[in-house]
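Student: Dropping the structure in here first, questions after.
The values are calculated or read from the model by the stated rules, or taken from the named source; none is laboratory data. All figures in this text were calculated on a predicted structure; none of them were measured in a lab. Neighbour counts run over all protein chains shown; Cβ positions are idealised from the backbone, glycine included. Heads up: the accessible areas ignore ligands, DNA and RNA and are worked out on the full protein's heavy atoms, side chains in. Shrake-Rupley method; radii C 1.70, N 1.55, O 1.52, S 1.80 Å.
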Amino acid sequence: MSGPSDRPGRSHGRLAISPSLTPRSLMDGPPRLKGAWRAKVLTLFPETFPGVLGASLTGRALQQGLWALDPIDLRAFGTGRHRQVDDTPAGGGAGLVMRADVLGRALDLASADTPSDPARWPRLYLSPRGAPFTQAHARRFAAAEGITLLCGRFEGVDQRVIDHFALEEISLGDFVLTGGEIAAQALIDATVRLIPGVLGNAASTEEESFSHGLLEHPQYTQPREWRGHAIPEVLLSGNHAEIAKWRRAEAERLTRARRPDLWAARQAEGSDAEG
């Protein structure tokens, strides 16, 4: 079974996290803005947060208090001297399963100051058997007051936890990771960038991939010619109507070629609207 020796060493320059029954933010800095969107992440590796979320625009927004991050150390809720968080699967089998009593205590604490309505505060379990994460999910999560994410490890978590807390299972795709932390950071990044003020340009989120059910059109910048490849003339014409038409046509072309599933869904929506 796992124990404290399974934990990685502390990274140089990163704040230490000691077992505590109180969630702590890893970002010291200005106080959170009232009503700021918040992500509570239940994990065995709180020191991996904020990770990439602390960089670039999401990191700046975190420092500015536009959103908040609360990593919660699951080891603090473990049982016994070694703070055990897992046990062998009921019915036998390989691997270990995260215990219901441990996760239940952690989720109880994480839920104490959050709305019970899942529309206001989704509670998610990052799982390869979950619904595929989409831009629509990101928009829904960004419109909520915050989210709670449970990062699984080993062979997964006791099903009773998922059932009792009505956790929504979300997957990044048809592949398996060693844990939910990387998936959690990807999900949070996709969501936080939709919060007003984070990107600074609302128009940029309206024109990118998936915003209208299409992949994004190709992008170009200087120099005008590079290694024999030129920027399409229409983009240099100054004719905004023609530029918009070209971009739309390119987005449709790429979507038909690369994501026939998205194109079929878009065509079906159009048929339904006409009907």
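Student: What percent do you get for the relative contact order of the range 39-169 when only Cα pairs under 8 Å and 6+ apart count?
Tutor: 30
Student: Could you list the trypsin sites (Lys or Arg not before Pro) in the range 66-96 that lie in coil according to DSSP, counting only those with at most 14 other Cβ atoms within 10 Å of their Cβ?
Tutor: For trypsin sites (Lys or Arg not before Pro) across the range 66-96 that sit outside H, G, I, E and B with at most 14 neighbouring Cβ atoms in 10 Å, the list reads ARG81.
Student: At 1.4 Å probe size, put PHE175, PHE154 in order of accessible surface, largest to smallest. Show your work: numbers first, answer last.
Tutor: Working: PHE175 105, PHE154 80 Å².
Of PHE175, PHE154, the descending order of accessible area is PHE175, PHE154.
Student: With a 1.4 Å probe and every protein chain kept in, tell me what percent of the accessible surface of the range 84-151 is carbon plus sulfur.
Tutor: Values: 1660 of 2950 Å².
Roughly 56 percent of what the probe reaches on the range 84-151 is carbon or sulfur.
Student: Can you give the accessible area per residue of the range 51-120, in Å², using a 1.4 Å probe?
Tutor: That works out to 45 Å² per residue.
Student: On to the next question. Sort out for me the Cα centre separation of the range 211-275 from the range 151-187, rounded to whole Å.
Tutor: Going from one Cα centre to the other spans 35 Å.
Student: May I pose another question? At 1.4 Å probe radius, can you tell me the per residue accessible area of the range 220-270 in Å²?
Tutor: Values: 3960 Å² over 51 residues.
Value returned for the range 220-270: 78 Å² of accessible area per residue.
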